[in-house]
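Every number in this text was worked out from the coordinates using simple rules, so none of it is lab data. The structure presented is a predicted model; accordingly, all values stated were derived computationally and were not measured. Quick reminder, even Gly has a Cβ in these numbers, built from the backbone with ideal geometry, and neighbours come from all protein chains shown.
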Amino acid sequence: MTNKQIAELFSAGQFENTYPYLSEKIEWDIFGEKMLKGKKAVVEHCEQTAKYFKSVTTNFRTYNVIEDRNKIAVNGKAEFIRDGKTVAIVNACDVYEFDGSDNIQKVCSYCINDAKPK
């Protein structure tokens, strides 16, 4: 799998497919929310997030994927629907840094919640 594919899967919430590509020393900074350090902490957060994704219908839309050597940025939008009603809309940008072994060593996530789901 290419680094671009790994980043796109992670950004789309398909975390389990990316676990083999996470550095043991990964850092995930979810700005304004939390900083996760180490593969175990990141996987635990991914598992919690995946449970939420299973409780709603999730529509992910990727707008751009920009790649520059070992860095990849993915921006897009996620709409979360429950019982036919939109419960949240999140616009996000994830910036990935890969190490020399093609594992994610750092993720910086910028998420903006739409206060008025449409």
ask   = Given 0.36 nm per residue, what is the gain on full extension from residue 67 to residue 5 after removing their alpha carbon distance, in nm?
value = 21.2 nm
task = Go ahead and run the numbers for FRET between residue 83 and residue 108, Cβ-Cβ distance against an R0 of 35 Å, rounding to 0.05.
result = 0.55
task = Could you work out the mean projected area of the convex hull around the alpha carbons of the chain, in square nanometres to one decimal?
result = 7.0 nm²
query = So how far apart, in nm, are the two label points at residue 101 and residue 49 if each is 7 Å from Cα heading toward Cβ?
reply = 2.2 nm
message = Explain nothing, just the number: relative contact order of the chain, from Cα pairs under 8 Å at least 6 residues apart, as a whole percent.
response = 26 percent
note = Among the range 40-73, those whose backbone N falls under 18 Å of a label point 7 Å along Cα→Cβ from residue 19 are 40-54
query = Taking the range 3-113, how many lysine pairs are there with alpha carbons less than 18 Å apart, if each pair must be eight or more places apart or span two chains?
reply = 18
task = Identify, among 18, 107, 62, the residue whose Cα sits farthest towards the positive end of the charge dipole of the chain, taking +1 on the Cβ of Lys and Arg and -1 on the Cβ of Asp and Glu, with the dipole about the Cα centre.
result = 62
key: Cα centre as origin, Lys/Arg/Asp/Glu Cβ charges: the range 3-113 dipole, Debye   = 260 debye
key: Computed [θ] at 222 nm, deg cm²/dmol, the chain (DSSP H ≥ 4; -39,500 (n - 2.57); rounded to nearest 500)   = -7000 deg cm²/dmol
